[in-house]
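Okay, so here's the structure we're looking at.
The values are calculated or read from the model by the stated rules, or taken from the named source; none is laboratory data. Only a predicted model underlies this, so the values are computations on that prediction, with no experimental measurement involved. Don't worry about glycine lacking a Cβ; one is built from the backbone with ideal geometry, like all the others, and counts go over all protein chains shown. Note: areas computed on protein heavy atoms with side chains; ligands, DNA, RNA excluded. Shrake-Rupley method; radii C 1.70, N 1.55, O 1.52, S 1.80 Å.
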Amino acid sequence: MRRVLLTLAWLPLAAVPLAAQAVPDGSQASKVQPAYRRTPTFRVDPFRHAMIPHWGFVFSGGATGENNTLNLADARAAIYLADKDSLLAGDVLDILGLIPDGKGLKGSALGEGGFYLGGPFGSHFSLGLSAQARGYGSFQLDDDFVALLRDGNGARQDFTLGNSKGAGLATAEGGAHAVLRFGPMGSEDGVNVNLGFGVRYIRPVAFARAMSTVANGGTIRITGDSIKANIGVEFAHTPEPFDSTFKNGKASMAGDFLVRLTWPTSGFALEAMVANVGNVTVHSVETERKSFTVATTNFQEVKDSLDVFDSTSVKTTGDVLVRLPRIVRFTASSWANRILQIDVSATMPVHGDFETPLAVDVGTTWRFVRTIPLRAGLVLGGDQGIGFTGGLAIEGRNMFLQVMGQSLGGLFRNATGGGARFELGTFF
């Protein structure tokens with residue numbers, strides 16, 4: 001963790017030579033509203049609009065999705081064949097053959113949209129209220145299981161389901177966030193401290209999860225004349241219609257916290273954020289458990305066991321506690337330049353139903369015209385490798401507009417993921 005913090009602190013310094021030089025007086029950089037110094041991101045950010053410079057109303061929405069194997073061209077071909085009812089088992093095996101050896105198949109998605117109302121009370125306090133819908137999703141097919149489907153049993157006989165799993169959660173949320181501002185401390189060139197905290201009232205709308213129930217994914221052994229398997233899986237989901245889940249679900253709370261230090265005359269900022277601290281209780285989840293156990297040299301018994309697997313199961317209904325994907329993010333920003341600002345952020349790995357790996361975002365903001373910033377950046381890490389982001393904004397006296405897009409794992413047809421974000425705000 002210490003190494004991550006030091007890296008974040010020094011990368012912007014290396015990219016833009018500060019040399020203890022203050023932002024020049026009268027430059028475009030010095031005229032930018034401090035609230036706009038906090039660059040927008042595709043990732044979950046409960047404080048996204050808590051620092052807007054005036055009282056206003058904001059509509060905000062965005063979505064992103066990625067996987068580690070299929071690019072846009074592959075996905076479009078599979079969808080086309082499926083629409084024509086021409087997607088054959090051989091095509092599916094060809095797709096599985098694209099999965100890199102040793103990595104398995106992984107994917108994740110995030111979508112959110114809603115409204116925000118808020119603004120400052122004087123120069124030291126801001127308050128914002130929000131209402132939005134949000135959805136999380138992720139899946140993973142363990143490489144040990146993928147190897148069975150992709151490579152067969154020619155080179156090996158033992159396989160498992162491993163850590164194969166998938167989950168999805170949709171919520172409706174209402175929140176209140178506040179930011180306290182202190183400083184500058186010590187002198188006019190001293191540090192400004194922003195402390196943010198908030199709480200969100202969350203209602204689950206829909207939930208689904210699938211996973212192995214046997215330790216280490218069970219066992220699958222296939223030889224030339226016999227099959228031995230011991231597999232257990234669990235499927236859980238909220239029943240339709242989903243409005244009953246929303247109305248009858250248990251309300252949950254989540255907390256968000258922010259610390260941001262800025263040195264405006266030196267053009268530098270450090271930030272730490274912890275968000276989604278809490279759990280969601282989903283009411284009346286239907287859980288179905290199935291098992292497949294066979295040890296035979298008679299392949300007819302395998303077929304009979306699969307028929308039993310499909311037709312019988314143990315079903316229960318009850319509440320399920322889902323841990324929200326905890327967000328821990330560190331950010332460093334530098335703008336000791338008349339035009340350029342650089343942001344580097346690291347989002348720590350998330351474990352649980354919605355696992356995501358460590359991801360580092362490097363972004364640049366170019367203000368050739370002070371009120372029309374242009375943005376471009378890179379996404380490093382994650383499941384997709386290297387990604388690209390870009391966008392523009394208009395920051396006026398009475399409104400602001402931001403449009404962003406990203407291509408993950410490549411560009412256009414070669415991309416293994418993508419995303420878009422749109423924000424429109426008006427000031428009173």
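Before moving on, here are some points about what is shown:
- Restricting attention to segment 326-381, the residues being under 23 Å from the mean Cα position of the chain (by Cα) and among the basic types (Lys, Arg) number 3.
- Scanning segment 376-417 for residues that are under 20 Å from residue 100 (Cβ atoms), open to solvent by 30 Å² or more (accessible area, probe 1.4 Å) and in a strand (DSSP E or B) turns up 380, 381.
- Matching residues in segment 357-375 - criterion: being part of a strand (DSSP E or B) and open to solvent by less than 50 Å² (accessible area, probe 1.4 Å): 359, 360, 361, 362, 363, 364, 365, 375
- With respect to the stated conditions, residue 423 fails to be of a type in the set (D, E, K, R) and open to solvent by 20 Å² or more (accessible area, probe 1.4 Å).
- Scanning segment 365-382 for residues that are modelled with pLDDT of 90 or more and under 21 Å from residue 417 (Cβ atoms) yields 375, 376, 377, 378, 379.
- In the set 93, 98, 87, 72, only one residue is at pLDDT 80 or above, open to solvent by 30 Å² or more (accessible area, probe 1.4 Å) and within 24 Å of residue 143 (Cα to Cα); that residue is 72.
- Taking every residue in segment 250-279 that is under 16 Å from residue 47 (Cα atoms) and pairing it with any residue that is among the aromatic types (Phe, Trp, Tyr), at least 6 positions away or on another chain, the pairs with Cβ-Cβ distances below 6 Å are 257/197; 258/47; 272/330; 274/257.
- Search result, residues across segment 178-193 that are at pLDDT 95 or above and surrounded by 17 or more Cβ atoms within 10 Å (Cβ to Cβ): 178, 179
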